[in-house]
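For reference, the structure discussed in these notes is given below.
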Amino acid sequence: MPTRLPEILRRCPGCASERLRPNGKFRVNAHHKLLDVWLLALCAGCGTTARLTVMERTPVRAIAPDTLDRLHANDAGLAAELLQDPAMLHRNRIALDWTGAWRLDAGPVPPPDQDTIDVRVRFAARIPVRPVRLVAEGFGLARAEVERLVESGSLVSAVRLNARLTGDFTFTLKR
């Protein structure tokens, strides 16, 4: 579950900082019947405002009215959606740093008398996280212990548990 917008990894033209903090605000500029839209972010070092292109010279009629209303209202939810759009990340040549911007909402840990535990992990947003880390935090184990469980075959999944994932997955823990 995301707790805040992630930091943006891009060099500031005004200083040596490599990080920008999105503030969830948009700038919408009209050119007759065409719109330019930018997501604004502040440099973590000097506070200079940077613009991330969302739309360029887009006809007003091509934008859904509810999206246009969300842009004018500086909807933080829309900013979060746009920051997770791979096309926008590519267009602006940026990467995201999710460190400290998410939390794990885990249910109660099953009692130790169960032989096998089937768990389904659901992502509320496209946050790249290693499943080994989620399992360790959810069960209160060290990551090295979780990796030993994977190697011994006690922790199995259809996905690679050591690679970063951004989508839902399931795993089985055999005790």
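Test of understanding: among ALA158, ALA95, which residue is surrounded by fewer than 13 Cβ atoms within 10 Å (Cβ to Cβ), modelled with pLDDT of 90 or more and farther than 29 Å from MET55 by Cα?
ALA158
Which number in (1) within 24 Å of LEU165 (Cβ to Cβ); (2) open to solvent by 60 Å² or more (accessible area, probe 1.4 Å); (3) under 22 Å from the mean Cα position of the chain (by Cα) marks the one condition that GLY107 misses?
(2)
Going through the stretch 126-141 one residue at a time, which ones are of a type in the set (Gly, Ala, Ser) and open to solvent by 10 Å² or more (accessible area, probe 1.4 Å)?
GLY138, GLY140
So, in the stretch 1-60, how many residues would count as being at pLDDT below 90, surrounded by 14 or more Cβ atoms within 10 Å (Cβ to Cβ) and over 16 Å from the mean Cα position of the chain (by Cα)?
1
Can you spot a residue in the stretch 73-87 that is modelled with pLDDT of 95 or more, open to solvent by 40 Å² or more (accessible area, probe 1.4 Å) and farther than 23 Å from ILE127 by Cα?
yes
Inspect all residues belonging to the stretch 73-96 and state whether any of them is in contact with a Gly (Cβ under 6 Å, 6 or more places away or on another chain) and in a helix (DSSP H, G or I).
Scanning the stretch 73-96, I find at least one residue that is in contact with a Gly (Cβ under 6 Å, 6 or more places away or on another chain) and in a helix (DSSP H, G or I), so the answer is yes.
What number of residues within the stretch 138-153 are at pLDDT below 90 and either touching a strand residue (DSSP E or B) at 6+ places or on another chain (Cβ under 7 Å) or more than 16 Å from THR172 (Cβ to Cβ) (or both)?
1
Which pairs do you get when a residue that is of a type in the set (S, T, N, Q), found in the stretch 12-33, comes within reach of a residue that is part of a loop (DSSP other than H, G, I, E, B), reach meaning Cβ atoms under 7 angstrom, with the pair 6+ apart or on two chains?
SER17/ALA44; SER17/GLY45; SER17/CYS46
The values are calculated or read from the model by the stated rules, or taken from the named source; none is laboratory data. Fair warning: this is a prediction, and the values are worked out from it, not measured in the lab. Here Cβ is always computed from backbone atoms with ideal geometry, including for glycine, and neighbour counts include all displayed protein chains. Only protein heavy atoms, including side chains, enter the accessible area calculation; ligands, DNA and RNA are left aside. Shrake-Rupley method; radii C 1.70, N 1.55, O 1.52, S 1.80 Å.
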